[in-house]
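Written below as structure tokens is the structure these notes are about.
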Amino acid sequence: MRMQVLRAAMKIATTYRRLLLGVGAFFHLNGAFAAESPAQRIPFPDPRITVSGLGWWQEQPKLQRLPDRLKAEMPSKVWRLSQCSNSR
């Protein structure tokens, strides 16, 4: 009997959690909390954002693995893989 009560309580809690997540996602997607959100969209590139690790950023502000000036020097397969965002 006690296990049945615990299972029922867990089922109710799971249903309640799913309901809350669904309602939260609905309001978030519909912008109901947009006025309260501290998030700010910043266009990129922007001087407020520091980019580190790309030695060619000053000559060419693009997010890519290799600068365009090396395209002629690289084997075509290496260049293609450097342009892929997910090279598994």
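No lab work stands behind these numbers, since they all come straight from the coordinates. Owing to the predicted nature of the structure, the values given are computational and were not obtained by experimental measurement. A quick note on method: Cβ atoms are made from the backbone with ideal geometry, for glycine too, and the neighbour counts reach across all protein chains shown.
Annotations
- Ranked packing of 1-8, 75-82, 51-58, most packed first, by mean Cβ within 10 Å: 75-82, 51-58, 1-8
- Cα gyration tensor shape of region 45-88, rounded if a/c is under 1.5, else prolate or oblate by comparing a/b with b/c: oblate
- With neighbour counts taken as other beta-carbon atoms within 10 Å, the residues T50, T14 rank, fewest first, as T50, T14.
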